[in-house]
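**Student:** If you scroll down you'll find the structure; I have some questions about it.
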Amino acid sequence: MGMARPASVPMVDSFGRHIHYLRVSVTDRCDFRCVYCMSEAMSFLPRQELLSLEELDRLCSAFVARGVRRLRLTGGEPLVRRDAMTLIASLSRHLATGALEELTLTTNGSRLAKFASALADSGVRRVNVSLDTRNPDTFRAITRWGGFETVLAGIKAARAAGLTVKINTVALKGINDGEIEELIRWAHGEGMDLTLIEVMPLGEIGGDRLDQYLPLSLVRARLAQCFTLTDIAHRTGGPARYVQVAETGGRLGFITPLSHNFCESCNRVRVTCTGTLFMCLGQEDAADLRAPLRASAGDELLHAAIGAAIARKPKGHDFVIDRRRSESAVGRHMSVTGG
Ligand code: SAM
């Protein structure tokens, strides 16, 4: 029997986990400066470092050929990259062939009003919109630069275009912990799921993570005083675990990288806009895919590099936020690896 061609080898790591979910950060730039994500004076990559849209397409397509079924574009803010829609429209061919089950994105919503219909036309069915507060003053304080009404208009436009919107909310101690119940009532009242996320120690932000970290175990216990929460088996391919909220009829997700790590079922890898493959959001090890991508017009070298990287995907991350270790687990910001 001959050797299988690398492009046809499914991605299974040394712990037997099948990789079928790819998140791609198409730009590290963002039009917001959320306090837990970036410092206000972020420096971004020089443009020549970035993969071109054609290279991003080739890279994503190589992963699709290896069995990736879900592709999520993120950033930075994916919709601030010029011609992001060209990439999305092009990648939608994998939806048409059935190779890809889902093409989606995570966005801050600032440009959704402009792009919602084009996204729907490209076969995008679902978007995650990050929104941590419904209070315009708090919104400004968190995002530094964001416009609350613009995001609301973006959400509205997305829904009008037929996209399912899920709200992602990072739980922040002393900032939005007093309005989580209200956020859930609002999202569910509008027919949207909402997922709460624990703040992760990624990158220097010029502040203390201890000040921000709010364990979701605590949030859930508080919510249980006003809501009836029932665990359900609903999954969307990511790490969220869901409950049904009896009072609102909606679904509430919890992403708990710190209070309950979910690495044993990890099915994901991430690629940055420079073509660096991170096998784990919370570890430093990475593989450069830009060099093999550019070294030849064929994908053999690229597939060899992907195969070698998957084989060393680490068992899990190791996030800790406590008084002994308040520094970052990894040096890079969430905007580099993408959420
Ligand atoms: N700009 C897009 C957005 O706002 O959704 C996509 C990229 S953003 C980095 C993706 C998600 O990561 C957002 O929901 C954001 O709130 C979240 N995020 C950023 N830094 C984080 C951190 N340190 N811990 C947990 N979540 C973080």
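**Student:** Can you pull out the cysteines in the chain that have no other Cys Cβ under 4.7 Å?
**Tutor:** Cysteines of the chain left without a disulfide-compatible partner: CYS30, CYS60, CYS226, CYS263, CYS266, CYS273, CYS280.
**Student:** Any idea of the accessible area per residue across the chain, 1.4 Å probe, to the nearest Å²?
**Tutor:** Each residue of the chain exposes 42 Å² on average to a 1.4 Å probe.
**Student:** Which percentage, to the nearest 5, of the DSSP beta bridges contained in segment 1-130 is antiparallel?
**Tutor:** Antiparallel bridges make up about 10 percent of those DSSP assigns within segment 1-130.
**Student:** When the Debye formula is applied to the Cα atoms of segment 28-67, each taken as the same point scatterer, what base-10 log of I(q)/I(0) results at q = 0.23, 0.30 Å⁻¹?
**Tutor:** -0.79, -0.96
**Student:** Relative contact order (percent) for the chain, with alpha-carbon contacts under 8 angstrom and 6 or more residues of separation?
**Tutor:** Value for the chain: 23 percent.
**Student:** A follow-up question, please. Between ARG140 and ASP83, what length comes free when the chain is fully extended (0.36 nm per residue of separation minus the Cα-Cα distance, one decimal in nm)?
**Tutor:** Result for the pair: 17.8 nm of gain on full extension.
**Student:** Where Lys and Arg each count +1 and Asp and Glu each count -1, what net charge lies around CYS34 among other residues with Cβ under 9 Å from its Cβ?
**Tutor:** Summing Lys and Arg as +1 and Asp and Glu as -1 gives +1.
**Student:** Next up: Please report the carbon-and-sulfur percent of the accessible area for segment 71-156; probe 1.4 Å, protein heavy atoms only, DNA, RNA and ligands left out.
**Tutor:** Exposed carbon and sulfur together represent 50 percent of the surface.
**Student:** Multiply the residue separation of ALA96 and SER265 by 0.36 nm, subtract the distance between their alpha-carbon atoms, and state the gained length in nm to one decimal.
**Tutor:** Working it through step by step, the gained length comes to 58.0 nm.
**Student:** Assuming R0 = 51 Å, can you tell me the calculated FRET efficiency for the pair ALA7 and GLU40, based on Cβ-Cβ distance, to the nearest 0.05?
**Tutor:** 0.70
**Student:** Could you give the angle, 0 to 90 degrees to the nearest 10, between helix 148-160's Cα long axis and the longest principal axis of the Cα atoms of the chain?
**Tutor:** Roughly 60 degrees, rounded to the nearest 10.
**Student:** Based on alpha-carbon atoms only, what is the radius of gyration of segment 169-326 relative to the globular estimate 2.2 N^0.38 Å?
**Tutor:** 1.26
**Student:** Another question, then. So if I average 1/r over every pair of distinct C-alpha atoms in the chain and take the inverse, what Kirkwood radius in Å does that give?
**Tutor:** Result for the chain, one decimal place: 20.5 Å.
**Student:** A follow-up question, please. Under 9 Å from the Cβ of LEU45, count the other residues' Cβ atoms, weight Lys and Arg +1, Asp and Glu -1, and hand me the total.
**Tutor:** 0
**Student:** Using C-alpha positions alone, give me the convex hull volume of segment 32-116 per residue in cubic angstrom.
**Tutor:** Convex hull of Cα atoms, per residue: 113 Å³.
**Student:** Quick one: compute a quarter of the convex hull surface over the Cα atoms of segment 100-249 and quote it in nm².
**Tutor:** Projected area, direction-averaged: 9.6 nm².
**Student:** Mind giving me the nanometre distance, one decimal, between the label points for GLN48 and GLU190, set 7 Å out from Cα along Cα→Cβ?
**Tutor:** For the pair GLN48/GLU190, the computed spacing is 4.3 nm.
**Student:** Given the chain, what percent of its DSSP beta bridges are antiparallel, to the nearest 5?
**Tutor:** 30 percent
**Student:** Can you give the helix-only mean residue ellipticity at 222 nm for the chain, where every DSSP H stretch with n ≥ 4 adds -39500 (n - 2.57) and the sum goes over all residues, rounded to the nearest 500 deg cm²/dmol?
**Tutor:** About -8000 deg cm²/dmol.
**Student:** Measure off 7 Å from each Cα along the Cα-to-Cβ vector at GLU300 and GLN244, then give the distance between these two points in nanometres to one decimal.
**Tutor:** A separation of 5.5 nm, rounded to one decimal place.
**Student:** Which whole number of Å³ per residue matches the convex hull of the alpha-carbon atoms in segment 178-222?
**Tutor:** Dividing the Cα hull volume of segment 178-222 by its residues yields 100 Å³.
**Student:** On the accessible surface of segment 207-257, probed at 1.4 Å, how many percent belong to carbon and sulfur atoms?
**Tutor:** 52 percent
The values are calculated or read from the model by the stated rules, or taken from the named source; none is laboratory data. What you see is a predicted model; the values in this text were computed from it and never measured. With ideal geometry, Cβ positions are generated from the backbone for all residues, glycine too; neighbour counts draw on all protein chains shown. Just so you know, the surface numbers come from the protein's heavy atoms only, side chains and all, with ligands and any DNA or RNA stripped out. Shrake-Rupley method; radii C 1.70, N 1.55, O 1.52, S 1.80 Å.
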